[in-house]
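Below: the structure, in structure tokens.
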Amino acid sequence: MRNILCLSNYRSDVGYAWWLMELFWVQIGDFASQKDAQGFVLYPEIAEIPDSIKRSKLEVEQGKLFEPGLGGALRAIKLIRKLQIGTLYLTDRPYATFRYLLFRLAGVKKIIVHDHTPGDRPTITGIKGKIKRIRNAIPGIAADAIFAISPLMRERAIKNSCFPDSKCLLVQNGIREVVTSQSRSKVRESLQIPADAVVIVTTGRIHEYKRQDLIIKAFSDVAKKTDAVLKLLIIGDGPQREEFETLARSCGAADHIQFLGYRNDVPDVLAASDIAIHAAKGEGFALSIVEYMSLGLPVITPDIPSVRQAVDDKINGLIFRDGEITDLVQKILLLVNDNALRENLGSSAKQKSSHYTVDKMLKEFEKQWNLVCK
């Protein structure tokens, strides 16, 4: 068997959700070893290599497969031949491209694209849909399989990308066990949060796509409409942090909002909170929502299909009408003022989170991998 190459889209120390891809890469390294082949991870730039990769059966290389132009294509072909690659595992890459034909001419037999890209996309029909279907049927330029991270994303691949149903395989995303190490009271004390405060939390890269600004505006309105002691915790960093901190001050809510930045104790902070909000414009499948749920937090999300996938309205969370901040304010107020409702929804959320585990995900990944690479 020829070797397997896993392609990273970012330098080796980028972090964020790439821990999930690292789990798949490690598993692929094991698959390769079982077939007396070698698994590789190709980083565009190597800095600190993740511990999971260091401990794995994978070898690390530096390079690129999708550099533009003839020179980039020739370098990619040279690398594939040098490493004797027979299978390519790609993340968030095109479903079909003529670059794949070049890879196949260099010796690649199987190309798998694992699609984690966010967003809701319309069904494509008519001439545009026919063109996509024709493109996806051209020998050599289409991937052999698409791994979709949820049923909704599989449906998107079929209806929007017009990819063959038989080649769109489901590998439901899941989370690792969420473990806390500090008590609720200790965390609150360290953050100078009163014991009786209702704490609202959101996590993620601080960016307009994640819409922390919407949460800040709604929170500042809620604070004016209740006598409850409130705190909003924003965990994460990003290009618009300074802008959103300015927004918090202009809304008059800065004293009640804490920007915590990047933290290595996120589960502890979540466990010390009462309500979670996830207001992104789109998702692939939001693992952060499932993490909130696993710690018993009711989650408020917009009625955007890709964002609300794990949330059942009035069962384990609340869903607001997207674009209507007044509805978001009402949903927050409802949970702030009703402790019993928070607890009931949170309990149901914790039960629902057990559907989305890493163990289940990796078992399904192995099943689908063997189906494609048999």
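Structure notes:
- Per the Cα gyration tensor, the chain maps to an equivalent ellipsoid with semi-axes of 41, 22, 19 Å, ordered largest to smallest.
- Short-range pairs are left out: with C-alpha atoms under 8 Å and at least six residues apart, the relative contact order of the chain is 13 percent.
- Antiparallel content of DSSP bridges confined to segment 184-353, in %, to 5: 5 percent
- Contact order relative to length of segment 184-353, as percent, for alpha carbon pairs under 8 angstrom and 6 or more apart: 23 percent
- Quick note on segment 155-204: its Rg to Rh ratio, both from C-alpha atoms and Rh being the Kirkwood radius, is 1.35.
- Once the gyration tensor of the Cα atoms in segment 184-353 is diagonalised, the equivalent ellipsoid follows with semi-axes of 20, 18, 17 Å, ordered largest first.
- Reach of K217 by Cα under 17 Å, taken over aspartates and glutamates that are not fewer than 8 positions away in the same chain: E208, E242, E243, E245, D255, D322, E324, D327
- FRET E, pair D120, K363, Förster distance 35 Å, beta-carbon r, rounded to 0.05: 0.80
- Spatial separation of Cα centroids for segment 8-61 and segment 345-371, in angstrom: 22 Å
- From the alpha carbon centroid of segment 100-164 to that of segment 186-248 is 39 Å.
- C-alpha long axis of helix 212-223 to longest principal axis of the chain, angle in °: 10 degrees
- Averaged over residues, the count of other Cβ atoms within 10 Å places the peptides 311-319, 211-219 in the sequence 211-219, 311-319, highest first.
- Lysines with Cα under 22 Å of K130, excluding same-chain neighbours fewer than 8 positions away: K159, K167
- Full-stretch length increase - E67, D303 - with 0.36 nm per residue and alpha-carbon distance subtracted: 81.2 nm
Here, each number is a calculation from the coordinates, and none is a lab measurement. Fair warning: this is a prediction, and the values are worked out from it, not measured in the lab. No Cβ is skipped: glycine too gets one built from the backbone with ideal geometry, and neighbour counts run over all protein chains shown.
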